[in-house]
Amino acid sequence: MKIVKASEDTISIVVDMKMRMSKELGIDSVFGENVEEKIKETYLNLYHEDKGCHFLLYENNKVVAIGGAVIKDDIPFCFFKTPYYGFVIDIYCIPSERRKGYAKKIMETVLEWLKEKGVHMVKLKPSKNGKELYEKLEFHDTSEMEKFI
């Protein structure tokens, strides 16, 4: 097993895995036109600003899992002593490789990257399948609510 930080050379793998995850979760229908190119451009901008990254987990020279994070500074956090927080994104493991600890390894790597950036609070939106892992990593349900209108 090898974990590598994503780069311009591997961004297509990140986008492909994100699209696979979105389809599996049934949320791919919310995306607009040219979404893959927009995701690629947005992520690369975040990488260059050092406000986002992804990690790729390789097993037998094949990417089997990805995960990433972004650093956000939106309201109300921009008013806090530490004016930013981390947001975990795109934690995904291909179905045939699940239950082998890969998502946990990716999460540990992502959390270490956020810690190195001075992040004190980390948020994420868990899938039903991921909630157990996040609870083991000491994430707490905040009962945040949302509504699509």
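What follows is calculated from the coordinates using simple rules that are stated; it is not laboratory data. As the structure is a prediction and not an experimental result, all values here were calculated from the model. Every residue, glycine as well, gets a Cβ built from its backbone with ideal geometry; the counts of neighbours run over all protein chains shown.
If you rank THR10, THR82, THR109, THR142 by fewest surrounding Cβ atoms within 10 Å, what's the result?
Final ranking by Cβ density, sparse to dense: THR142, THR82, THR10, THR109.
Please state, rounded to one decimal and in Å, the Kirkwood hydrodynamic radius that segment 2-136 gives when every pair of distinct Cα atoms enters the mean of 1/r. Let's see the in-between values first.
On the way: mean 1/r = 0.0648 Å⁻¹.
One decimal place: 15.4 Å for the Kirkwood radius.
Evaluate the charge dipole of segment 2-136 about its Cα centre and quote only its size in Debye, nearest 20, assuming +1 on the Cβ of each Lys and Arg and -1 on the Cβ of each Asp and Glu. Walk me through the numbers before you get to the answer.
Numbers: 23 positive and 21 negative charges, 138 e Å.
It comes to approximately 660 debye.
Add +1 for every Lys or Arg and -1 for every Asp or Glu among the other residues with Cβ under 10 Å from the Cβ of GLU59, and state the total. Before the final figure, lay out each step's value.
Values: positive: LYS2, LYS62, LYS100; negative: GLU97.
Value of the local net charge: +2.
Most exposed first by the Cβ proxy, i.e. fewest other Cβ within 10 Å, how do ASP74, ASP16 rank?
ASP74, ASP16
Compute the distance from the alpha-carbon center of segment 15-40 to that of segment 72-91, in whole Å.
23 Å
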